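Shown next, in structure tokens, is the structure this report addresses.
The values are calculated or read from the model by the stated rules, or taken from the named source; none is laboratory data. Being a predicted model, the structure only gives us computed values, none of them experimental. Quick reminder, even Gly has a Cβ in these numbers, built from the backbone with ideal geometry, and neighbours come from all protein chains shown. For accessibility, only protein heavy atoms count, side chains too; no ligands or nucleic acids. Shrake-Rupley method; radii C 1.70, N 1.55, O 1.52, S 1.80 Å.
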Amino acid sequence: MSETELKENPYASIWFSGVERNLIDRKFETFKSLIEYPLPSTSVVDSIKDQYAKVFEAKDSYFDITTKDNKIELKQFLDRVKEPEFWTERALDLLFTEVNSLVMVDLPPIGVKGDPFFYTINIEKLHDTEVNGKELEFAIIKGEKVEKKQYYLVCDSEYYYKYSEEGEIIEMVQEAPHKLGKCPCNFLFFEPLSSTNEIVKRSGISSVLGTLDTYVRKYTSKEHLDLYNSFPIYWKYEESSDDEYDRQTIVENYVSAGKDLIEANELYDAYIKKNTKNPMIGAGTVIEVPTPNDNTEPDLRDPIGVISPDVSSLDYNTSEVERLEDRIYRKATGRPQEKEIAQRPVASQIQSQYEGERNVLLWVANQFSTSRKWLTEALCSLKIGQQVSCTASFGSEFFIEDERSVLENFKLYKEAGASQGSVLMRNKSLIQA
């Protein structure tokens, strides 16, 4: 997320308020200045996305138009509208960033020749709809606003409509029939986040959103700590000064310059607040310690000294950030980090970890397969004006492990006395890798 996107995000103010409650003003301002853009959580989400991208490499993926007529023509048409590329280049991103998006299958304007086409719509533009299972009965999409008129695109199982709204006056501007037999607009992804809300969908990172917030906060707090705790602090005896004399002299100077007494004191306080050094921040910080009050108070310290950084605090915060990153990655993908894969334990644990990764990829593949079937059938049906049936599967056999991991795990399987069937399965994985 960029700085602009963060500022426009209504959740950002809520998140910052939660941080602000735990920090004094000065430290909160420093915390905000240390927020990195894009957010540090972006790299964690990107690593999850890379894992999900393995869904496009399944060796048993399959797509075909089962309707016999016009099969070659329809496949060429899908290539022209770049339907195959949509899943790898756009849909995977939307699974993470705009999971509630809709996809619209549309026709050229009346009187204009051309192919049907499709595009995605942000959920914020959905004015109204009715969900029936995995399809929409109708959709009202908020369109452009020209002068005082707000336009809407309405579609159902028979027509596309265009309406304008100005005050309380609503008029139909245009209508166009289609022969799809169902609403040409649908959700891009189909699994709801909960059974009580069919609009809000489950994304690739729904289960780790709270932890990602914690990760950004912890990562930034670590950067905050590094500002002042990564460097030695120098101390010396404080120098005596007559603060009241300083105040009196400066205030008198303000009064002489034409300020009244109250304003002169306020200006002095503002000057002191602005110019007082912050002993907690920055390399080469020097702090002053009280000098002995009299010769009966012994002080065996040198006149100048050094306080070493608290290395244990630095190490703790670094390890905590790494732990959160690993936890997010593991929960979202079902897969340990690469450094752990090389140290996998005995056969039963290897298999359970492998199945965890595979189950997550199966969920992604099922989402994409369902969506692709709906989209290609809608596009092809509009293209030839009759119902077309398609089969779409992103597969179930994914290349989860590389050759090195498979070799090591194959050896561990045999040494652990795994069953013959399990050994043969690992051998098959080795051949595939």
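Scanning the stretch 134-155 for residues that are closer than 25 Å to LYS383 by Cα, open to solvent by 50 Å² or more (accessible area, probe 1.4 Å) and not hydrophobic (A, V, I, L, M, F, W, C) yields LYS134, GLU135, GLU137.
Once the stretch 28-44 is narrowed to residues that are within 24 Å of THR333 (Cβ to Cβ), not in a loop (DSSP other than H, G, I, E, B) and not aliphatic (A, V, I, L, M), the residue that is most open to solvent (accessible area, probe 1.4 Å) is SER43. Condition check for SER41 on (1) closer than 15 Å to TYR219 by Cβ; (2) without any contact (Cβ under 8 Å) to a residue 60 or more places away in the chain; (3) not charged (D, E, K, R): one failure, at (2).
Residues ILE123, ILE140: which one is touching a residue at least 60 places away in the same chain (Cβ under 8 Å), under 19 Å from ILE199 (Cβ atoms), β-branched (Val, Ile, Thr) and touching a Ser or Thr at 6+ places or on another chain (Cβ under 9 Å)?
The match here is ILE123.
Among the candidates ILE110, ILE121, the residue that is at pLDDT below 95 and either open to solvent by less than 30 Å² (accessible area, probe 1.4 Å) or more than 13 Å from PHE189 (Cβ to Cβ) (or both) is uniquely ILE110.
State whether one or more residues within the stretch 319-330 are at pLDDT below 70 and open to solvent by less than 80 Å² (accessible area, probe 1.4 Å). Outline the logic, then answer.
Filtering the stretch 319-330 down to residues at pLDDT below 70 leaves none.
There is no residue in the stretch 319-330 that is at pLDDT below 70 and open to solvent by less than 80 Å² (accessible area, probe 1.4 Å).
So that you can scan it fast, the table gives a plain yes or no per residue for (1) open to solvent by 50 Å² or more (accessible area, probe 1.4 Å); (2) in contact with a Lys or Arg (Cβ under 7 Å, 6 or more places away or on another chain); (3) modelled with pLDDT of 80 or more:
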site	(1), (2), (3)
ALA176	no, no, yes
PHE189	no, yes, yes
SER195	yes, no, yes
ILE199	yes, no, yes
THR211	no, yes, yes
TYR215	no, no, yes
TYR234	yes, no, no
ASP246	yes, no, no
ILE250	yes, no, no
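Within the stretch 13-27, the only residue that satisfies the criterion of being open to solvent by 50 Å² or more (accessible area, probe 1.4 Å), outside any loop (DSSP other than H, G, I, E, B) and β-branched (Val, Ile, Thr) is ILE14.
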